[in-house]
1. Kindly evaluate residue 260 against the criterion of being touching a helix residue (DSSP H, G or I) at 6+ places or on another chain (Cβ under 8 Å) and closer than 26 Å to residue 8 by Cβ.
2. Residues 167, 145: which one is more than 26 Å from residue 3 (Cα to Cα) and away from the ligand (no atom under 14 Å from the Cβ)?
3. Show the residue pairs meeting these rules: Cβ distance below 6 Å; 6+ apart or different chains; first residue within the range 31-42 and under 18 Å from residue 7 (Cβ atoms); second residue more than 10 Å from the ligand (Cβ to nearest atom) and in a helix (DSSP H, G or I).
4. Check off (1) more than 18 Å from residue 186 (Cα to Cα); (2) in contact (Cβ under 8 Å) with a residue 60 or more places away in the chain; (3) assigned to a strand (DSSP E or B) for residue 290 and give me the number that stays unchecked.
5. Does the range 38-77 hold any residues that are within 25 Å of residue 103 (Cα to Cα), more than 10 Å from the ligand (Cβ to nearest atom) and either at pLDDT below 95 or not in a helix (DSSP H, G or I) (or both), and which are they?
6. In the range 205-215, is there at least one residue being outside any loop (DSSP other than H, G, I, E, B) and at pLDDT 95 or above?
7. Considering only the range 141-186, how many residues are assigned to a loop (DSSP other than H, G, I, E, B), over 24 Å from residue 127 (Cβ atoms) and within 13 Å of the chain's Cα centre (by Cα)?
8. Looking only at residues in the range 257-275 that are part of a helix (DSSP H, G or I) and in contact (Cβ under 8 Å) with a residue 40 or more places away in the chain, which one is surrounded by the fewest Cβ atoms within 10 Å (Cβ to Cβ)?
Ligand SMILES: NC(=O)c1ccc[n+]([C@@H]2O[C@H](COP(=O)([O-])OP(=O)(O)OC[C@H]3O[C@@H](n4cnc5c(N)ncnc54)[C@H](OP(=O)(O)O)[C@@H]3O)[C@@H](O)[C@H]2O)c1
């Protein structure tokens, strides 16, 4: 059976990817930055089939040699590792140079299939896209606009995704990119990632959407996908021979206020942020038809939220 390398294996999304890839019978080379950090990566060793099929490698995205070691004998790579919004200096190097290193390591180790986790933010931050035209994979975030507005994460993800697709074409490596929206849903790891922190904070009366380079005040549309559906999309992109180019990956869209109200109706025991959303007409109009045509489907938003809350409670993050 072939070996698949998953970068940043201990992270929120990547842990689900590792779980699904192991369940499919593949061997996995997972990269982590610290092999001894049980808090961050210990959960991986407890996954079904991990004992026989998962091998962890120490690798930083900025250390090309460590990536070549991890990818040795692999047929494919799912590149997930990336810091999630943290400011310019921290963001650019690992995202852009990191993805370049991954692509060069693929070339060096003769990996011929790569799935890159990009972001919906590499699609939608484009003020010139016609207002009445539905956004799809043809729409690219305007990097200049993002730099001017200090949206470093949007810019870095867009540049790295575009470069990876071009690198693949030039070097005859199959590169498919998946652009997920905000990922919610249960965590396999015991440390909390940025997205789940934003969700968790809502139960504590705090609006912290700014952590995700999203406008915190305006009541804008929030696009959401479940972490398990996101992992499935990545697997489809990996396995389907016809998978090609970019895939927008999002299941639900609702305004921040509507999300808060839904949470309040599902879990009335918590305190939610009130009066902090300014009315906004801004509408996010996109389609995931391309991914659905590849065989993707998704679960209900209620299930995602209920399962998220269960893991928060289990981890003692919500009293
Ligand atoms: N969560 C979302 O809502 C969302 C939405 C769209 C796209 N994405 C994309 O999905 C991917 C995973 O995000 P996530 O939410 O799962 O975040 P996460 O839990 O913070 O995981 C990020 C992973 O990247 C690793 N990493 C960061 N910098 C690295 C470096 N220089 N070298 C090696 N590894 C590095 C981290 O390793 P350590 O554990 O060592 O820090 C961690 O394993 C990212 O590419 C992100 O851009 C996420």
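1. No: the conditions fail for residue 260.
2. The unique qualifying residue is 145.
3. Final answer for the pair search is 31/70.
4. Exception for residue 290: condition (3).
5. Within the range 38-77, 54, 55, 56, 57, 72, 73, 74, 75, 76, 77 meet the criteria.
6. No - not one qualifying residue is present in the range 205-215.
7. We begin by selecting, within the range 141-186, every residue assigned to a loop (DSSP other than H, G, I, E, B); these are 141-142, 149-151, 172-173, 181, 185-186.
Still in the list and also over 24 Å from residue 127 (Cβ atoms): 172-173, 185-186.
Add one more test, that the residue is within 13 Å of the chain's Cα centre (by Cα), and what stays is 185.
Matching residues across the range 141-186 total 1.
8. Taking the candidates together, the pick is 266.
The values are calculated or read from the model by the stated rules, or taken from the named source; none is laboratory data. Everything numeric here is computed off the predicted structure, so don't read it as measured data. Virtual Cβ from ideal backbone geometry, glycine too; neighbours counted across all protein chains shown.
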